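This report refers to the structure that appears directly beneath it.
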Amino acid sequence: MTSGADFFRQSSLPAPKLDEDWAARVAREHFGLDARAESLGSQQDTNFLLRAADGTVAAVLKVANPAFGALEIEAQDEAADLVARHCPDLRVATVLRGADGGRRSVVVEESSGPLVVRMIRFLDGGTLADSGHLSPAMVARLGELAARVSLALGGFEHPGLDRVLQWDLRYADRATGILLGHLPAARRRQVEAAVGGAWAAVQQVAADLPVQPVHLDITDDNLVRALSGPSREPDGLIDFSDLTATWAVSELAVTIASVLHHAGAEPCSVLPAVRAFHRLRPLSPAEAGALWPLTVLRTASLVLSGSQQIAIDQENAYASERVDGEWRMFDQAVSVPLEVMTGLVREAAGLSRTRRRMPARANPLVPGAADPLSLAWDADAMDEGAWSRPGIVAELAAARLAAGATGVVTTYAEARLAGSPRLSPTSPATVATGVEAWFAGPVEITAPWGGMLTASGDGLTLESADAVLRLSTGEVPSASPGADVEAGETLFSLPAGAGLRVVLQAAGAPDVPPLVRPEYAAGWLGLTADPSPLLGYPAAAGTVEGPDLLERREASFATVQGHYYDRPPRIERGWRHRLITTEGRVLLDMVNNVAIVGHSHPRLEAAASRQLRLLNTNSRFNYDAVVDFAERLTALVPDPLDTVFLVNSGSEAADLALRLAMVNTDRHDIVAMREAYHGWTYAADAVSTSVADNPNALTTRPDWVHTVEAPNSFRGRHRGADTVRYAAEAARFVDDLAASGRPPAAFIAEAYYGNAGGMPLPDGYLAEVYAAVRRHGGLVIADEIQVGYGRLGQWFWGFKQQGVVPDIVTVAKAVGNGHPVGAVITSRAVADRYRNAGYFFSSTGGSPVSSVVGSTVLDIVRDEGLQENARVVGTRLKARLLALAERHPIVGAVHGSGLYLGVELVRDPATLEPATEETYAICERMLQLGVVIQPTGDRNCVLKVKPPLCLDAESADFFADTLDRVLTEGW
Ligand code: PMP
């Protein structure tokens with residue numbers, strides 16, 4: 001028998017009922033502290049905040065539940081000290097010490113008996129409990145903290161650890177059994193079944209589970225973090241009252257259970273914590289096997305205890321408030337079979353997947369071999385968005401049979417695109433746990449081994465000792481189920497062209513669905529085997545893998561060339577304004593301004609393919625495509641712009657534009673705008689001043705580059721009516737430069753400020769600055785690389801919005817829809833003067849293929865009304881985003897026009913402090929919910945909204961809804 005508390009002797013522990021006056025009196029009389037006491041919630045103890053007269057918090061006054069003895073409390077205090085010593089970067093709620101060095105702990109005699117009262121260190125901040133969504137990084141931090149505490153407590157010994165708590169999962173079956181009566185009948189049955197299954201699973205490995213002291217409550221409730229500031233990582237740990245010696249892995253089970261009630265959390269959300277824990281404190285195979293069952297038991301204990309606490313102590317508002325969240329944890333914990341989660345935990349811990357024993361010898365299900373059919377990466381079969389058509393799988397199979405195949409079999413374990421056409425905040429079930437087959441002629445399906453045949457849903461199930469074979473045909477075949485069959489016996493006949501689905505899974509495992517979500521695929525596939533050999537086709541090599549691609553990329557790329565996202569999904573396919581991952585997830589693309597007409601446009605693909613079959617060479621040859629394209633471009637711009645240079649990129653266009661100006665004016669000085677990006681080539685880089693693109697931009701400009709202030713009307717020096725001053729100041733700057741003997745060759749700027757987050761320049765800005773530059777004989781360059789080409793909706797070009805005509809226009813990006821095409825458009829006079837002193841040739845600029853691509857993009861923009869679509873859908877989207885700004889103070893402004901919008905995020909609406917870290921975190925969370933969006937601007941606090949111009953209203957709404965959700969739930 002234990003010397004400490006014993007739940008089985010005293011199963012209800014109502015918190016001591018003491019009021020704030022009592023606490024203030026104890027603080028005064030026993031600790032000599034004059035303070036105001038404020039009651040704090042707690043399940044079994046009673047806690048008060050002690051505030052000094054000036055309002056600062058002096059300590060927490062903790063009154064231990066009288067069921068706990070002095071030794072147990074001493075063990076908790078020592079454990080807290082130990083963790084504080086081992087983890088100096090962690091704030092730990094240790095017992096405060098008096099002048100004599102002793103812990104400030106007293107025994108107060110009350111009529112009900114003695115109470116142990118301690119002064120505990122107060123940790124400033126808040127807990128994670130009400131923090132909404134927990135990001136994967138935050139969940140990993142929880143796992144890391146659990147591991148560090150586990151390591152700190154590893155060798156701790158104390159007689160006060162000898163206690164029997166209801167939270168000790170070694171007693172979960174008995175403890176939950178006692179409390180089940182507090183639940184309504186339906187819930188009781190559900191909890192009982194969950195506890196039964198989980199307990200049985202733990203028992204299989206219990207003998208191998210190491211035991212050690214554990215905090216046993218490292219949860220969102222007991223982890224403290226700063227309330228504001230960019231880093232919101234928890235760095236404080238409180239409440240050692242559940243300290244006990246039990247299975248070491250319980251520490252992690254308790255922690256991950258607490259993740260499950262948070263917004264958007266599901267079982268797979270805990271895996272970052274498992275990985276982080278395992279990295280510091282490796283899980284043994286037995287522990288990996290026990291972790292999820294223990295998590296289920298923990299959630300069951302919580303709902304049972306919460307329900308009991310409410311039953312015995314109806315005034316405990318703290319307990320009542322929590323029960324809803326505890327049910328969410330329980331419901332999530334049981335939403336995926338134990339076996340599946342254990343498979344995932346094993347994978348996270350780097351343990352090999354459980355091998356399933358399948359019948360070694362088998363007759364074929366059907367005679368003859370079938371051809372493999374990949375539903376993911378067959379570009380010919382799956383182009384033109386075919387993957388989004390319902391029934392495409394059968395359609396493709398029928399086409400193969402019509403083309404002469406005797407049979408067709410889909411690929412096991414493949415994440416297929418077919419069947420996942422819609423945008424959705426969760427990943428759809430895409431990974432095949434079996435195969436589907438079609439045959440040209442009628443076939444007899446025969447039993448591969450002997451067993452019991454039963455009818456199930458839309459097919460038959462053949463069960464043997466170690467495997468279950470499920471055959472689905474869409475209708476129950478006219479065989480006579482319910483009988484023992486022999487190997488080789490005919491089960492039913494399949495008519496020509498009919499489909500057959502085959503799933504081969506371990507006996508005794510939960511029913512494996514035909515398609516599962518990629519996050520859980522490793523767990524489900526561990527319960528199945530590849531049935532392809534039964535159909536005469538060799539077993540699949542495996543699924544398309546992601547992570548190792550990133551490693552290969554990093555091995556061969558320069559480190560300066562980054563990538564989006566911490567853990568980017570692998571994307572190999574796009575369709576219109578959607579990007580499709582190799583896991584079959586359809587993402588909304590809000591960032592690819594280059595793909596103006598949408599991804600994989602069939603008309604563009606056909607035009608480029610045709611030209612590739614005809615001719616591709618350089619523009620010194622005489623062919624129609626380049627002339628046609630040049631004429632199309634000049635037709636888009638006002639007089640006197642009538643001459644075109646075709647290049648390959650925006651950088652090249654900017655470089656050439658600057659050279660044109662320098663040669664034309666015989667000068668070298670350039671005036672550029674701050675916060676700008678124009679490219680990476682030598683001259684384009686020289687005039688690029690954005691510190692987001694190049695952190696050293698402002699300190700490394702050559703002396704011939706002179707910069708004027710970004711005319712930012714939202715956060716700049718001049719706002720509101722004062723924004724007109726920017727133009728006058730820039731004009732004066734140009735005048736001064738000229739007066740100093742360095743009149744500029746050119747002024748270069750985006751005509752609508754894309755790089756600053758889609759901000760229009762102040763009205764009249766370009767007119768005034770252009771006039772100043774021209775007054776001194778300089779030229780003016782409009783960079784339309786991001787904002788031009790119809791994206792602004794109301795205007796085809798940014799300079800139209802300003803009512804000016806530049807001397808030189810640079811375009812790229814959208815011009816080729818991703819094919820490298822750029823252009824400099826200028827007047828004949830400017831181009832001719834360059835002829836006298838300059839030189840131009842670009843091997844692939846204006847090639848037949850590039851030219852055809854360029855003209856076809858313009859055809860599509862015109863024929864599909866994409867500029868008008870940008871105006872209509874962009875107006876709708878901007879209105880939705882402005883409505884979000886009303887409700888979410890972090891949205892400081894919504895800039896932009898058409899489908900070039902910027903959602904600027906600020907920490908404080910008054911100071912406009914940029915919410916940079918938040919913006920990155922929001923982008924990560926948006927990705928989880930199916931939206932690709934990235935930050936922009938010098939402060940990286942603007943969500944740049946610049947999708948393909950075919951964006952439809954439904955997708956615009958999906959974006960606004962998803963952003964609303966993230967801003968509401970947290971990131
Ligand atoms: N100008 C602007 C405004 C741009 O946004 C960019 C590309 N981000 C460039 C020029 C350079 O274009 P490219 O990447 O095609 O060289």
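When the dipole is taken about the Cα centre of region 734-807, and only Lys, Arg (+1) and Asp, Glu (-1) are charged at their Cβ, what size is it in debye, to the nearest 20?
With Lys and Arg at +1 and Asp and Glu at -1, about 100 debye.
Positive end of the dipole of the chain, charges at C-beta (+1 Lys, Arg; -1 Asp, Glu), about the Cα centre: which of Gly113, Tyr537, Ala263 has its Cα farthest in that direction?
It is Tyr537.
Between His563 and Arg610, 0.36 nm times their residue separation minus their Cα-Cα distance comes to what?
Using 0.36 nm per residue and subtracting the Cα-Cα distance, I get 13.6 nm.
I'm a student and want to see the number: the projected area of the Cα convex hull of region 39-130, averaged over all directions, in nm².
Taking a quarter of the hull surface, the average projection is 7.6 nm².
Count neighbours as other Cβ atoms within 10 Å of each site's Cβ, and list the chymotrypsin sites (Phe, Trp or Tyr not before Pro) in region 591-664 that are DSSP loop with at most 14 such neighbours.
Phe621
Charges on Cβ only, +1 for Lys and Arg, -1 for Asp and Glu, centred on the Cα centroid of region 652-764; of Ala686, Ala731, Ala676, which one is farthest towards the dipole's positive end?
The residue sitting most towards the positive pole is Ala731.
Mind computing the radius of gyration and Dmax over the alpha-carbon atoms of region 641-723? Å is fine for both.
In order Rg, Dmax, the Cα atoms of region 641-723 give 14.5, 41 Å.
If you add up the charges near Leu779, with Lys and Arg at +1 and Asp and Glu at -1, over every other residue whose beta carbon is less than 11 angstrom from its beta carbon, what do you get?
Every neighbour counted, the sum reads +2.
How high is the relative contact order of the chain, given as a whole-number percent (alpha carbon pairs under 8 Å, six or more residues apart)?
9
Keeping all protein chains in position, work out how much accessible area Cys941 exposes to a 1.4 Å probe, and write it in Å² to the nearest 10.
Cys941 has an accessible surface of roughly 0 Å² with all protein chains in place.
Could you check how much of the accessible area of the chain is carbon and sulfur, as a whole percent, using a 1.4 Å probe?
51
Working out 0.36 nm times the residue gap between His888 and Arg876, then minus their Cα-Cα distance, what length gain in nm do you get to one decimal?
On the way: separation 12, 0.36 × 12 = 4.32 nm, distance 1.86 nm.
Residue separation times 0.36 nm, minus the Cα-Cα distance, leaves 2.5 nm.
Can you send over the solvent-accessible area of Thr219, 1.4 Å probe, protein chains only, in Å² to the nearest 10?
10
So how do Met452, Met590, Met662 rank on accessible area, 1.4 Å probe, biggest first, that is with the largest at the start?
Descending order: Met452, Met662, Met590.
By the scheme Lys and Arg +1, Asp and Glu -1, what is the net charge of all other residues having a beta-carbon under 11 Å from that of Arg674?
Net charge around Arg674: -2.
Taking a probe of 1.4 Å, how large is the accessible area per residue of the chain, in Å²?
Averaged over the residues of the chain, the accessible area is 40 Å².
Below 12 Å, Cα to Cα, which aspartates and glutamates can Lys946 reach? Residues fewer than 8 away in the same chain don't count.
Once the sequence-local aspartates and glutamates are set aside, what remains near Lys946 is Asp589.
Subtracting the Cα-Cα distance from 0.36 nm times the residue separation, let me have the gained length for Asp124 to Glu954 in nm, one decimal.
Net length gain for the segment: 294.3 nm.
Can you work out D for the chain in µm² s⁻¹ from Stokes-Einstein, where Rh is the Kirkwood radius over C-alpha pairs, the temperature is 10 °C and the viscosity is 1.306 mPa s?
Using the Kirkwood radius from Cα pairs, D works out to 49 µm²/s.
If you place +1 on the Cβ of every Lys and Arg and -1 on the Cβ of every Asp and Glu, how big does the dipole about the Cα centre of the chain come out, in debye to the nearest 20?
1500
Any idea what the dipole of region 679-778 comes to, in debye rounded to 20, about its Cα centre with Lys/Arg Cβ at +1 and Asp/Glu Cβ at -1?
My answer is approximately 140 debye.
Shape of region 780-879 from its Cα gyration tensor (a ≥ b ≥ c, root eigenvalues): rounded if a/c is under 1.5, otherwise prolate when a/b > b/c, or oblate?
oblate
So if R0 is 45 Å, what FRET efficiency would Thr490 and Arg389 give, r being the distance between their Cβ atoms, rounded to the nearest 0.05?
0.80
Report the net charge of residues surrounding Ser855, where surrounding means a beta-carbon distance below 13 angstrom and charges are Lys +1, Arg +1, Asp -1, Glu -1. Please report the intermediate quantities before stating the final value.
Values: positive: Arg603, Arg610, Arg632, Arg862; negative: Asp624, Asp628, Glu631, Asp859, Asp863.
The answer is -1.
Cross-link partners among lysines for Lys944, C-alpha distance below 18 Å, same-chain residues fewer than 8 apart left out?
Answer for Lys944, where 18 Å is the Cα cut-off: Lys813, Lys878, listed by chain and number.
So how do 142-151, 886-895, 26-35 stack up, highest first, on mean other-Cβ count within 10 Å? Don't skip to the end; give the middle numbers.
Working: 142-151: 23.8, 886-895: 18.2, 26-35: 16.5.
Those peptides, ordered most packed to least, come out 142-151, 886-895, 26-35.
The values are calculated or read from the model by the stated rules, or taken from the named source; none is laboratory data. Worth saying up front: this structure is predicted, and the values here are computed from it rather than measured. No Cβ is skipped: glycine too gets one built from the backbone with ideal geometry, and neighbour counts run over all protein chains shown. Side chains included, ligands, DNA and RNA excluded: accessible areas come from the protein's heavy atoms. Shrake-Rupley method; radii C 1.70, N 1.55, O 1.52, S 1.80 Å.
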